[in-house]
1. In the stretch 412-432, how many are open to solvent by less than 30 Å² (accessible area, probe 1.4 Å), not in a strand (DSSP E or B) and not β-branched (Val, Ile, Thr)?
2. Within the bounds of the stretch 70-87, is there any residue that is surrounded by 22 or more Cβ atoms within 10 Å (Cβ to Cβ), under 11 Å from Ser109 (Cα atoms) and either within 16 Å of ligand 1 (Cβ to nearest atom) or outside the structural domain of His371 (by TED's automatic domain parsing) (or both)?
3. Would you check if there is a residue in the stretch 339-350 being in a loop (DSSP other than H, G, I, E, B) and away from ligand 1 (no atom under 16 Å from the Cβ)?
4. Looking at Ala133 and the list (1) under 18 Å from the mean Cα position of the chain (by Cα); (2) under 22 Å from Phe60 (Cα atoms), which single condition is not satisfied?
5. Restricted to the stretch 476-501, and to residues that are small (Gly, Ala, Ser) and more than 16 Å from ligand 2 (Cβ to nearest atom), which residue is surrounded by the most Cβ atoms within 10 Å (Cβ to Cβ)?
6. Which of the residues that make up the stretch 313-334 are closer than 24 Å to Gln393 by Cβ, small (Gly, Ala, Ser) and crowded, with 22+ Cβ neighbours inside 10 Å?
7. Only one of Glu417, Glu401, Glu396 is more than 17 Å from the chain's Cα centre (by Cα) and at pLDDT below 95. Can you tell me which?
Amino acid sequence: MITIHTEPFEGQKPGTSGLRKKVKIFQQARYLENFVQAVFDSIGDFQGKTLVVGGDGRFFNDQAIQIILNMASANGFGHVLVGQHGILSTPAASCVIRKYEAFGGLILSASHNPAGPDEDFGIKYNMGNGGPAPEKITDTIYERTKSITSYQTTAQTHAINLAEIGTTNIGNMKVQVIDSVVDYAELMQSLFDFDAIRTLLAGDFRMCFDAMHAVTGPYAKVILQDMLGASEDSVMNATPLEDFGGGHPDPNLTYAKDLVAMMYGNNAPDFGAASDGDGDRNMILGNHFFVTPSDSLALLAANAETVPAYQGGIAGIARSMPTSGAADRVAQSLGLDCYETPTGWKFFGNLMDADKVTLCGEESFGTGSSHVREKDGLWAVLFWLNILAVRKQSVESIVSEHWQKFGRNYYSRHDYEGVNSDAAHQVLQNVRDQFETLIGSSLADRQVQQCDDFSYTDPIDQSVSQNQGVRVLFEDGSRIIFRLSGTGTQGATIRLYLESYESDSKKQGMDAQDALADLITAANDISQLTELTGMNNPTVIT
Ligand code: VG1
Ligand code: CO
């Protein structure tokens, strides 16, 4: 073990989902080391225990893992489980941590952000329950990065061979390279009706999954093709590349262009889906039909009894605050509790650990359940396939029937990326400044009922998270919400979330942008977003 002197770097504050920065920043001498040591200094006594390490395979993944292995050994871990080629999707990492009862894990990913030497890298710490460290721990880590004076590593000079499954040693620590897919695939098989899905895929039903040249390719090939018999052409962009093929592995209508073109083209498949860089997000499409993530959560909850793992009923549902209220209506009809948490998966962990909820979701293409403690892209795809196999209807007719029964929550998110940070803060402040005049007034032909900065008290440990989004809530359930992103690496990103509810089935067939047009105008008026950002249109609309 050797101790290396270091000095703090500024700004190593974990965001919504860990520390994300440009690769060039991570490549500075001592930068990654400082953060990893700050993590090790903040998580308690792990001497002799097991650490899980893996990432989405992006540029710098390999080098980062070698640094982490040496530091884990020097700091006293007894055993590291690392995915073959350094690959573990975020949900697979969560699965491995839980299955092998590891002390925790380091996941290397910047999720949907582009990869490559000039793009992004990221790292986050997950706890023994398999979920992202709560704010209490990430705050401790950040404080530690500000006062760090040294880190510990080993003098080992040769790199561990991550290509081969097997066990070696660094000092007293065992390094075990494991198959990246097997444990996760077994877990999926234990949850879903694989026989029913196999029968579905053997018939006329056609599907396409877009791995976007990111981490889910190998998982999709094993599970969808080898285990479930999907055809050769059912998985596209299946080879993980260091730069994700130069793409933006964010499964939405803007960035999953090829898949969207196919699903809205001639002779479109019955089912289309995509996942993101690290495999925790999902987009679901039918033939010429897009399912919003908020609706998807509600639908999974309403159809949970079709899936073996959830047949006995679910404990409850949780959604992030900006996610639409569609799931709340399902929870109400099932007599279940529905929790509203701040944005970020880490807020669901306590609720799942306490068995208060089984299904969780975010509007940002994230859905998951208590089978792991991360959102899970392929899990959502399999859940949909399971429903389709049992109900034998098209995606569109399943969603339309759902709206008829529960009403439709028109929903959209507008992202303004690369905004000057002061301007972005001013946009939110403008709305805040009008809270008092807005309450009780009429806006977009609706009565404003409440305005606030969303704040959350965790029902399990009573920890409080403030300033989680500026909200304008209307009497009829409509909402306008402004939030600043905590995952971007360049300037600020403003997210504007819009929602209105329609119970009349004759009015449920509108385009969401049209249905929300008056709320969009009102949101601009009260925030002066266009003037302050100089942007007439959002960067991304979903
Ligand atoms: C975004 C999403 C949020 C999600 C987070 C991490 O955060 O809005 O819902 O949990 O990304 O997802 P933000 O702070 O930029 O809005 V992932 O797939 O990047 O780990
Ligand atoms: Co992700």
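The values are calculated or read from the model by the stated rules, or taken from the named source; none is laboratory data. Bear in mind that the values here come from a model prediction, so they are computed numbers and not experimental data. Positions of Cβ are backbone-derived with ideal geometry, glycine not excepted, and every protein chain shown enters the neighbour counts. Accessible surface areas use protein heavy atoms only, side chains included; no ligands, DNA or RNA. Shrake-Rupley method; radii C 1.70, N 1.55, O 1.52, S 1.80 Å.
1. 4
2. There is at least one residue in the stretch 70-87 that is surrounded by 22 or more Cβ atoms within 10 Å (Cβ to Cβ), under 11 Å from Ser109 (Cα atoms) and either within 16 Å of ligand 1 (Cβ to nearest atom) or outside the structural domain of His371 (by TED's automatic domain parsing) (or both).
3. no
4. Of the numbered conditions (1) under 18 Å from the mean Cα position of the chain (by Cα); (2) under 22 Å from Phe60 (Cα atoms), the odd one out for Ala133 is (2).
5. Result: Ser478.
6. Ser324, Ala326, Ala327, Ala331
7. Glu417
The rows are residues; the columns are (1) open to solvent by 20 Å² or more (accessible area, probe 1.4 Å); (2) closer than 24 Å to Val372 by Cβ.
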{"position": "Ala211", "(1), (2)": "no, yes"}
{"position": "Thr216", "(1), (2)": "no, yes"}
{"position": "Asp226", "(1), (2)": "yes, yes"}
{"position": "Gly229", "(1), (2)": "yes, no"}
{"position": "Thr254", "(1), (2)": "yes, no"}
{"position": "Pro269", "(1), (2)": "no, no"}
